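Quick notes on the structure that follows.
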């Protein structure tokens, strides 16, 4: 492999939130491929949270996934890109954590501790593979999905 990148996508709904990680690799002939690495999802809390706050919880899972993967694949990864389909969440992550209320501030601080804010990018919701995590899809459906 000439180059290996990690791409982590996060998403949320009122039902669940989570993140999914992929390797994107380029071989010596310039051929590009991707491989599923891992995913993590959680059921949304019983206490009603706004969708942007749930998206932030998904982004936090993405940041924790990167923290774990960076230790496991230390020195083997050339770059990391973290993706969210929430512009509000992206604004929080790229801003100063002190600007926000405590709930948002605490999570933004941890995200910024695990990742560099400039690594976060916007991904349109229809192109976000983490969207499947938030729909409660069963494993059989995911196994037959070309994205997964």
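Working ranking of peptides 39-45, 86-92 by packing, defined as the average number of other Cβ atoms within 10 Å per residue, highest first, is 86-92, 39-45.
Within the chain, DSSP assigns beta bridges of which about 70% are antiparallel (rounded to the nearest 5).
Convex hull volume of the Cα atoms of the chain, normalised per residue: 111 Å³.
Cα-based values for the range 10-64, radius of gyration first and Dmax second, are 14.9, 52 Å. The stretch between residue 29 and residue 87, if pulled fully straight at 0.36 nm per residue, gains 17.2 nm over its current Cα-Cα span. Angle of helix 51-72 to the longest C-alpha principal axis of the chain, folded into 0 to 90 degrees and rounded to 10: 40°.
None of the figures in this text is laboratory data; all of them are computed from the coordinates on show. No experiment lies behind these values; they were computed from the predicted model shown. Cβ sites come from the backbone with ideal geometry, for glycine too, and all protein chains shown count toward neighbours.
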